[in-house]
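The values are calculated or read from the model by the stated rules, or taken from the named source; none is laboratory data. As the structure is a computational prediction, the values presented were derived from the model and not from experiment. Every residue, glycine as well, gets a Cβ built from its backbone with ideal geometry; the counts of neighbours run over all protein chains shown.
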Amino acid sequence: MAYQNLNDEDEVLFKPIYETGRGFYVLVAILVAIFLFGLGCYIRQLILGLGVTGMDEPVTWAFYIVDFVFFIGISHAGTLISAILRLSKAEWRRPITRMAEVITGIVLAIGGLHPIIDLGRPDRILHLFERGRLQSPLLWDVTSVTAYFTASTIYLYLPLIPDIALLRDRGGKLQNFYKILAWGYQGTAKQKHTLERAISILMVMVIPIAISVHTIIAWIFSMTLQPGWHSTIFGPYFVVGAIYSGIAALLIVMIVFRKAYHFEDYLKEIHFQYLGTLLLIMSLLWTYFTFAEYLTAFYGHEPEEMRVFLYKFTGGYAPFFWLMVFCNFLLPIIILSNRKLKKLPGILVASIGVVIGMWLERLIIVIPTLANPRLPYPTGIYIPSVTEISIFAAALSAFALGFMGFSKLFPLISIWEIKEGRLQSVHEVSKRLREYLPGHPEEKQVEASVKAEI
Amino acid sequence: MKDRTIYIVQFITLSFVWILAVSITWWFIHLVIVASELKDAQTASISISILAVTIFWILAGVLSYVFFGLHRNAKAGA
Amino acid sequence: MKKFLILIVTVIGFAAGIYTMRGAIDKHYEFTQPIDFSHYVHASKYKIPCIACHQHVLFGARAGIPNIEICGACHSTPMKKTPGEEQVFGYVKSHKQIPWYSIYYVPDYVYFSHLRHVVIGKLDCKLCHGDMAAFTSPPITQFLKIRMSNCIDCHQKRHASTDCWQCHR
Amino acid sequence: MAKYGMVIDLNKCTSCQACVTACKLENNVQIVSPDDASEGRTMFWMKMLTLKYEGDYPNVKPKAIPRNCMQCDEPPCIKVCPVRATYKTEVGIVAQIYPQCIGCRYCMANCPYTVKVFNWYKTEQPKEVEKCDNPDVSVRPKGVVEKCTFCVHRLQIAEEKAKAEHRKLQEGDYVPACVEVCPAKAIYFGDLDDTNSDVSKASHDYRAFGLLEELGTIPKVRYLNAIE
């Protein structure tokens, strides 16, 4: 289908939908290959049993659960950040929200599948529906992840409707598809009002749902009696970690697609600066939580707690632990608090570091506790098998594929919100600013001073 | 494609959300019944299900509100 | 567009089909028992009680299928000349067990005890096996399908225990 | 209703591991291949737990105690099971219903005693023991969690026999395989609620203790401390 250049102001944002380069197909082919390999490994695991993984007797939860917590954590990027920014009327949110929401949707679908991959008998999954026991945190988890997935998909879809209507009105490829999804949106005032009302209800709802999801995932661990897990701060600790890794993932995606699709005009340095600052704050918050968590364990000096503690600090998992501290604490703080380093490459490095660090954090939380049971059993170190690693790679490539697929169907930056920002927000913001200020400065005066400032 | 068919398909996609909400409600009622039959964690089941079911109904409600709102307020003839 | 509709309809139809078929998928027996045994002749005509041949019922979990030791007790001398009896003689004389096919079976993780049901519970055999005395040829399907829901229904009706461990092991 | 419990007298126990072997054979517990064992996938319902090593190198004396499922009165494992595959029966035995288990291994993660074992592969016994399979106990399929059940199949049969004979279940009618086989008679087993039973008396002995009692799991398997 030929690319229809309608000379729209925001033509760049439409371009990826109609034009696809060769590099894209090559990348898709590679990712599909990785994904298929992972799928093959999973089928092998289905046939042979969970023995093909590296899990053993005390370490009965490993890679899959780590990945599950990690992916669900990433999902908080999305909706939470976009909802908070929308709610606080932060004007710089406009080009960011869509990507954040897409991350959430895709990552939740992938992460939500991980517990099923982890099951010994996935064929008996129906037992959960027939004989489920609501006292089990696993069932809370099923419920909350489903709720979050539904909510975040709707929250992704509603702000997408005006953009779909734009695509529909352009004509071109997939007419019927866009016609169906646009839900008859024509941009009348009443329609806009309906949509905005629904979005504002949703963004209020999405925040508690998102927080509950990760709190519940933390509770899966902290509801047990195990040393290193049985901790009251696990809920907020996981939520903080989730938002932290979410922002980092969002930054990576933004930088990658800014480069690939030439969004330089939309994702400006300032967006990265703001998000970078947010990342820095979350990094400090995360460090604070980690410090509080480990200090209480250390100071209490319970023998079982100490065994897990020492295993992390000096034992078999020490390299991972200190790498995590480096990735999550030192690296972002060094880069993000330094004005010279806080440029795009620096932020990219910090974000990648944080994503790796947060994955390690999940690993550090899940495995050392299981590897050090209360009774003196002989334990070895857990080594993941090829199956587990390739399924993780497949999950990552599924994420990339999902994101790329989305970018070929819908604009990655909310076009109507950008347009709306141009038309209304400048005026609205200056009006709002005047409300904050003491006294009654006249409009003209403000405009004059704004111009003088520029 | 005719507008009529498009509307029907849109309606079907919307109904999926309702199917989800209703089936989750049904599922939770079933679980509460099982819990009370077996006298096993009834209060937990009831409180959790009330919470979860409300969320799904609100979500489905919001989506339907948008759907009908958009269609009602569309320009005439389109 | 039509394709899309067709797809949806097929998916829904498929799901509904699987749901309804879930219970209907049964094991089909395609065999004939080695001897055309008539329960009618034994139980109805000559009024032999069930436990006369199915003796294990009184002592343990498995009912057991009566074999040449029991058959031979009566059929050591010819009574009536039928092809079936000839076959029994053949097995009895050569001390070969009759290769009966077992129709009723429970999975190994289920503990079903005939002793418990017949002796302690005092249940009629007909309840699960039907009126065998009316059969002129050996049965080829289960009368009461062996399925957990059937067990639970009956246990609930008769206020027997529905505790999992009573049957599962 | 009876409440079955076990008391293991460490004074009498010689760590001969007869109970371990008896348990494996009685319950068809899989004998894993050496490769799997080296990966840490050995399967034991009754296991010798080496608490500490006494003495220095040539004269090391390991202090091992037999450890099976503690059959807690407040089991942490049943709380977290999402499908009711594990639950406490009315006789106090924590049962594991294999056909119901979906293999999420949450109960294993929450068991402070780490007594549950998982079927990593399809059960394939070595040829030598294939014919020793106990028909009273099912062979667990791959992907489910299993654990010591106090040989509950023996209770099923014993209860049935007693009922058929119109009498009550007596002490000694039902004993697990490990109790039956113990050459030192170090394991007492029976009804904890019956104040006259040996096990009930032993559990109130001054030497009695439970593993990790401080967690509030109320283990029904108790130990009598060894006195040197």
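Kindly provide the set of residues from the range A:159-169 that are touching a residue at least 24 places away in the same chain (Cβ under 8 Å) and more than 8 Å from every other protein chain (Cβ to nearest Cβ), ordered by number.
Those that are touching a residue at least 24 places away in the same chain (Cβ under 8 Å) and more than 8 Å from every other protein chain (Cβ to nearest Cβ): A:PRO159, A:LEU160, A:PRO162, A:ASP163, A:ILE164, A:LEU166, A:LEU167.
Could you please give the count of residues in the range A:372-403 that are charged (D, E, K, R) and part of a loop (DSSP other than H, G, I, E, B)?
Of the residues in that region, 1 qualify.
Go through the range D:99-109 and give me each residue that's over 27 Å from A:ALA371 (Cβ atoms) and either surrounded by 20 or more Cβ atoms within 10 Å (Cβ to Cβ) or more than 7 Å from every other protein chain (Cβ to nearest Cβ) (or both).
Within the range D:99-109, the first condition is being over 27 Å from A:ALA371 (Cβ atoms), and the residues that meet it are D:99-100.
Of everything in the range D:99-109, just one residue is over 27 Å from A:ALA371 (Cβ atoms) and either surrounded by 20 or more Cβ atoms within 10 Å (Cβ to Cβ) or more than 7 Å from every other protein chain (Cβ to nearest Cβ) (or both), namely D:GLN100.
Of all residues being part of a helix (DSSP H, G or I) and within 14 Å of chain D (Cβ to nearest Cβ) in the range C:127-169, which is surrounded by the most Cβ atoms within 10 Å (Cβ to Cβ)? Just the residue, please. Show your work before the answer.
First pass over the range C:127-169, keeping only residues part of a helix (DSSP H, G or I): C:127-129, C:132-134, C:148-157, C:164-167.
Okay, now just the ones that are also within 14 Å of chain D (Cβ to nearest Cβ), so C:148-149, C:151-152, C:164-167.
Details: C:MET148: 12, C:SER149: 9, C:CYS151: 18, C:ILE152: 13, C:CYS164: 19, C:TRP165: 23, C:GLN166: 20, C:CYS167: 21.
The extreme case among them is C:TRP165.
Just to check your reading of the model, which residue among A:ILE243, A:ILE270, A:ILE247, A:ILE255 is touching a residue at least 24 places away in the same chain (Cβ under 8 Å), hydrophobic (A, V, I, L, M, F, W, C), within 21 Å of A:VAL349 (Cβ to Cβ) and surrounded by fewer than 13 Cβ atoms within 10 Å (Cβ to Cβ)?
Within the list A:ILE243, A:ILE270, A:ILE247, A:ILE255, the selection yields A:ILE270.
Within the range A:170-186, how many residues are over 15 Å from B:HIS71 (Cα atoms) and either modelled with pLDDT of 85 or more or within 11 Å of chain B (Cβ to nearest Cβ) (or both)?
Total satisfying the criteria: 4.
For the range B:59-78, give me each residue that is more than 7 Å from every other protein chain (Cβ to nearest Cβ) and either without any contact (Cβ under 8 Å) to a residue 12 or more places away in the chain or surrounded by fewer than 19 Cβ atoms within 10 Å (Cβ to Cβ) (or both).
B:GLY61, B:SER64, B:PHE68, B:ARG72, B:ALA76, B:GLY77
Inspect the range A:273-282 for any residue being in contact with a Ser or Thr (Cβ under 8 Å, 6 or more places away or on another chain), more than 17 Å from A:LEU341 (Cβ to Cβ) and part of a helix (DSSP H, G or I) and give the result as yes or no.
If we filter the range A:273-282 for residues that are in contact with a Ser or Thr (Cβ under 8 Å, 6 or more places away or on another chain), which is where we start, we get A:279-280.
Remaining after also requiring more than 17 Å from A:LEU341 (Cβ to Cβ): none.
Checked against the condition, which is being in contact with a Ser or Thr (Cβ under 8 Å, 6 or more places away or on another chain), more than 17 Å from A:LEU341 (Cβ to Cβ) and part of a helix (DSSP H, G or I), the range A:273-282 yields no hits at all.
Kindly indicate whether any position in the range A:69-85 is at negative phi, within 14 Å of chain D (Cβ to nearest Cβ), surrounded by 22 or more Cβ atoms within 10 Å (Cβ to Cβ) and assigned to a helix (DSSP H, G or I).
yes
Determine, yes or no, whether B:SER45 is more than 9 Å from every other protein chain (Cβ to nearest Cβ) and of a type in the set (Gly, Ala, Ser).
It is false that B:SER45 is more than 9 Å from every other protein chain (Cβ to nearest Cβ) and of a type in the set (Gly, Ala, Ser).
What number of residues within the range A:206-223 are surrounded by 23 or more Cβ atoms within 10 Å (Cβ to Cβ) and free of Cβ contacts under 8 Å to residues at least 60 places away in the same chain?
Selection size over the range A:206-223: 1.
Within the range A:119-146, restricting attention to residues that are in contact (Cβ under 8 Å) with a residue 60 or more places away in the chain and out of contact with any strand residue (DSSP E or B) (no Cβ under 8 Å at 6 or more places or on another chain), which residue is surrounded by the fewest Cβ atoms within 10 Å (Cβ to Cβ)?
Looking at the filtered set, the residue picked out is A:PRO122.
If you scan the range D:118-166, which residues turn out to be small (Gly, Ala, Ser) and within 28 Å of C:LEU115 (Cβ to Cβ)?
Correct list: D:SER138, D:ALA158, D:ALA162, D:ALA164.
Failed condition for A:ILE365, given (1) part of a helix (DSSP H, G or I); (2) within 14 Å of chain D (Cβ to nearest Cβ); (3) over 20 Å from the mean Cα position of the chain (by Cα), with all others met?
All conditions are met except number (3).
Being assigned to a helix (DSSP H, G or I) and surrounded by fewer than 16 Cβ atoms within 10 Å (Cβ to Cβ) is the filter here, so list the residues in the range C:57-81 that pass it.
Correct list: C:LEU58, C:GLU69, C:ILE70, C:GLY72, C:ALA73, C:CYS74.
Would you pick out the residues in the range A:298-354 that are assigned to a loop (DSSP other than H, G, I, E, B) and either under 22 Å from the mean Cα position of the chain (by Cα) or more than 30 Å from A:PRO378 (Cα to Cα) (or both)?
A:SER337, A:ASN338, A:ARG339, A:LYS340, A:LEU341, A:LYS342, A:LYS343
Consider A:MET55 carefully, then state whether it is in contact (Cβ under 8 Å) with a residue 60 or more places away in the chain, surrounded by 24 or more Cβ atoms within 10 Å (Cβ to Cβ) and assigned to a helix (DSSP H, G or I).
When the stated conditions are applied, A:MET55 does not pass them.
Applying the selection to the range D:27-39, what residues are under 16 Å from A:GLY49 (Cα atoms) and crowded, with 20+ Cβ neighbours inside 10 Å?
D:GLN30, D:VAL32
Among D:PRO183, D:PRO112, which is surrounded by fewer than 18 Cβ atoms within 10 Å (Cβ to Cβ), touching a residue at least 60 places away in the same chain (Cβ under 8 Å) and assigned to a loop (DSSP other than H, G, I, E, B)?
Numbers: D:PRO112 fails: surrounded by fewer than 18 Cβ atoms within 10 Å (Cβ to Cβ).
Only one candidate qualifies: D:PRO183.
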